[in-house]
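> Please read through the structure below; I'll follow up with questions.
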Amino acid sequence: MEANTENTAIAFKDICKTFTLHNLKAQIKALSGESYTLSFGQCLAINGPSGIGKSTLLRCLYGNYLVSSGEIKINHRGKMVDLVRASQREILEIRTHTISYVSQFLRVIPRVSALDIVAAPIIEKGLDKETALERAREYLLKLNIQERLHKLPPMTFSGGERQRVNIARGLARLSPILLLDEPCASLDFPNRQVAMELFLNAKAQGVAIVGIFHDAEARESVADVTCNLQAPKA
Ligand SMILES: Nc1ncnc2c1ncn2[C@@H]1O[C@H](COP(=O)(O)OP(=O)(O)OP(=O)(O)O)[C@@H](O)[C@H]1O
Ligand SMILES: [Mg+2]
């Protein structure tokens, strides 16, 4: 770890990622040298055609995929931490306190209510259960998930309802860095507007966002800068 004197939230340099499919004896080059430094309160949009490596880049920034080469530094509680060399324990701590990741689809767990799904990461951060449940309720309501659904497991929810629970889960924990993988893809226009407003609010409060937005208008409304991924050279 090294001291951080700047407002840098996340800095990645020359990230390359190649997948090796051992059983098929094949290699897939997904990223070839992406670099960017993002400050708190800024949004970086990742753009490019399907299959170019957008989700792969986000998963590398979340520590889900280990990069083949390059570096990723995360501002974790005021210190720049090297995510590529971090231990599993450090990565889990970074996820609990610093990085929130909204995947394209909510992973639903049978018998766990929408309210508990949103409250769980807040409790993990160390807040008491009552505060966590209150904040979970507030964000579910902001995202137009009616109170009668809060106590139900999202197994039976529509695609758009599930995704709004997912967004509430990502936002309610108030992490300083937010990763968004096509968060609004399954939302109707009014709910998309609500979600985009919440992302803009988070940004105004200093949250750094790295996001994939399939809708150009949404992307332009929130992004300060766009990184256009190029097809890797074979
Ligand atoms: N776990 C994995 N194992 C092997 N190949 C993978 C894996 N994850 C992604 N890939 C490959 O890496 C490439 C980039 O995939 P990725 O999901 O990052 O694309 P994307 O830009 O997010 O596409 P989309 O817009 O369709 O979501 C694809 O060719 C994909 O098949
Ligand atoms: Mg993707």
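> Any idea which residue in region 193-234 is nearest to Asn75 (Cα to Cα), counting only those that are charged (D, E, K, R), surrounded by 13 or more Cβ atoms within 10 Å (Cβ to Cβ) and at pLDDT below 95?
So the residue we want is Arg219.
> From Ala231, Ala218, which residue is part of a helix (DSSP H, G or I), of a type in the set (Gly, Ala, Ser) and touching a residue at least 12 places away in the same chain (Cβ under 8 Å)?
Ala218
> Could you grab the pairs with beta carbons closer than 8 Å, sequence gap of 6+ or different chains, first residue in region 42-68 and at positive phi and near ligand 1 (Cβ under 7 Å from one of its atoms), second one aliphatic (A, V, I, L, M) and assigned to a loop (DSSP other than H, G, I, E, B)?
Here the result reads Gly48/Leu229; Gly53/Leu229, each pair linking region 42-68 to a residue that is aliphatic (A, V, I, L, M) and assigned to a loop (DSSP other than H, G, I, E, B).
> Something else about it: Which numbered condition trips up Asn75, out of (1) closer than 20 Å to Gly126 by Cα; (2) in contact with a Gly (Cβ under 6 Å, 6 or more places away or on another chain)?
Of the numbered conditions (1) closer than 20 Å to Gly126 by Cα; (2) in contact with a Gly (Cβ under 6 Å, 6 or more places away or on another chain), the odd one out for Asn75 is (2).
> List pairs: first in region 100-114 and touching a residue at least 40 places away in the same chain (Cβ under 8 Å) and within 17 Å of Ala136 (Cα to Cα), second within 16 Å of ligand 1 (Cβ to nearest atom) and assigned to a strand (DSSP E or B), Cβ under 6 Å, 6+ apart or cross-chain?
Every condition considered, the pairs that remain are Tyr101/Leu179; Val102/Leu180.
> Moving to a separate point now. Looking at this structure, is Leu92 under 13 Å from the mean Cα position of the chain (by Cα) and either of a type in the set (A, V, I, L, M) or modelled with pLDDT under 95 (or both)?
Criteria not met by Leu92.
Listed here are the residues, each with its yes/no results for (1) in contact with a strand residue (DSSP E or B) (Cβ under 8 Å, 6 or more places away or on another chain); (2) more than 16 Å from ligand 1 (Cβ to nearest atom); (3) of a type outside the set (D, E, K, R).
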residue	(1), (2), (3)
Ile10	yes, yes, yes
Lys25	no, no, no
Gly33	yes, no, yes
Arg89	no, yes, no
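> Scan region 154-166 and tell me whether some residue there is loosely packed, with under 15 Cβ neighbours inside 10 Å, modelled with pLDDT under 95, hydroxyl-bearing (Ser, Thr, Tyr) and not in a helix (DSSP H, G or I).
Taking every residue of region 154-166 in turn, at least one turns out to be loosely packed, with under 15 Cβ neighbours inside 10 Å, modelled with pLDDT under 95, hydroxyl-bearing (Ser, Thr, Tyr) and not in a helix (DSSP H, G or I).
> Tally the residues that are surrounded by 17 or more Cβ atoms within 10 Å (Cβ to Cβ), within 16 Å of ligand 2 (Cβ to nearest atom) and under 19 Å from Ala208 (Cβ atoms), restricting the search to region 60-81.
Of the residues in region 60-81, 3 are surrounded by 17 or more Cβ atoms within 10 Å (Cβ to Cβ), within 16 Å of ligand 2 (Cβ to nearest atom) and under 19 Å from Ala208 (Cβ atoms).
> Now a separate question. Within region 20-38, can you find the residues that are exposed (fewer than 15 other Cβ atoms within 10 Å of the Cβ) and touching a residue at least 12 places away in the same chain (Cβ under 8 Å)?
Answer for region 20-38, where residues must be exposed (fewer than 15 other Cβ atoms within 10 Å of the Cβ) and touching a residue at least 12 places away in the same chain (Cβ under 8 Å): Gly33, Ser35, Thr37.
The values are calculated or read from the model by the stated rules, or taken from the named source; none is laboratory data. Not measured: the values here are computed from a predicted model. So basically every Cβ, Gly included, is an ideal-geometry build from the backbone, and we count neighbours across all protein chains shown.
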